[in-house]
């Protein structure tokens, strides 16, 4: 073998080792991802972004405001700097980056409520038993806590409040996307089923002054919507109940945003049938959910599908699966429209067959 061929072999091996090393480093970064999510969770619990938006501050200054240990907080803030949430300013001070701004609680599109939710101990423990869900197909949360997540939150009001805030945090953007995708101009009455704090419905009523709206959710949830109802002078009412039993009657449009993915096929069909029994004959169902593409599933949708497996026993679905759900409940799928958000708008009408 010539000297040249020896050299070529060494260069090839070097490149291979470099690629392998980079892949390993990337993998280790993913493996340690839980550290980043917990660091962000603690940042939200301490309100770091809300305290830094006025300008840079040192860890010592923030520690005095929050009651945290100064050195421990400085080390946390260095991690937040390493992952791009904070950046170093002059004189050992830290400032928010553009990314970090979305941890403020007072900005549109805030991620703070979601970061607070995913770091809660009960949430964390359920994900710690993902292997049970994968091995058995059963819900990890139920196995860890001995009851389903809805029962658990009904017994722990603080957790329910944190969850509701997390669900509401992305609603404003999706409401705007739905208004772009759907025509409500001929609608008289919209019913938001499982609508949480009512922000989604409020956005629709603001855009269409002639529409009446009904918010429907569990009684303790809709109680928080009283202020919104007052703002619309009789066009908005909040009703508490159980959507498996019945939903408010007489709606032209029934909204289900991020509801069906929480439930099994059988439960989802039951919810849809409740809507079908109550809606006007010319009414329609409007669903906001991820769409799973079996050929190239987006990471957001894939991870949310896993979230449903761990927490609720639900799932994300394909276009065909949504069509089947609607058909089983007496609807006909009419359209699926992508939006500027990760969610799609799925519309269906009563099937005359």
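Our estimate of slack between residue 125 and residue 306, defined as 0.36 nm per intervening residue step minus the Cα-Cα distance, is 63.7 nm.
From its DSSP helices (H runs of at least four residues, each -39,500 (n - 2.57)), the chain gives a residue-normalised ellipticity at 222 nm of -15500 deg cm²/dmol. By DSSP, the beta bridges lying fully in the chain are antiparallel in about 50 percent of cases.
Axis angle, to the nearest 10 degrees, between helix 319-328 and the longest C-alpha principal axis of the chain: 30 degrees. Normalising the average separation of contacting C-alpha pairs (under 8 angstrom, six or more residues apart) by the number of residues puts the relative contact order of segment 167-350 at 20 percent. The relative contact order of the chain comes to 12 percent, based on Cα pairs under 8 Å that sit 6 or more residues apart.
For 152, 122, the sequence from fewest to most other C-beta atoms within 10 Å is 122, 152.
Relative to the dominant Cα principal axis of the chain, helix 299-311 is inclined by about 70°. Annotation: average projected area of segment 89-197 is 11.3 square nanometres, based on the convex hull of Cα atoms across all directions.
Counting only alpha carbon atoms, the long axis of helix 70-82 and the longest principal axis of the chain meet at about 80°. You can think of it this way: the chain between residue 29 and residue 101 has 23.6 nm of extra reach, that is 0.36 nm per residue less the Cα-Cα gap. Label separation (residue 72 vs residue 298): 3.9 nm, computed from points 7 Å beyond Cα along the C-beta direction. Each of 321, 116 has some number of other Cβ atoms within 10 Å of its Cβ, and from fewest to most they run 321, 116. Stretching the chain fully between residue 270 and residue 91 yields a gain of 58.4 nm (0.36 nm per residue, less the alpha carbon separation). In terms of its alpha-carbon gyration tensor, segment 33-101 comes out rounded; the largest-to-smallest axis ratio a/c stays below the 1.5 threshold. When the square roots of the Cα gyration tensor eigenvalues are ordered a ≥ b ≥ c, the ratio a/c for segment 310-353 is 1.5 or more and a/b does not exceed b/c, which makes its shape oblate.
Quick note: the coordinates plus some simple rules give every number you see, no bench work behind them. No experiment lies behind these values; they were computed from the predicted model shown. Cβ coordinates were reconstructed from backbone atoms using ideal geometry, including for glycine residues, and neighbour counts include every protein chain displayed.
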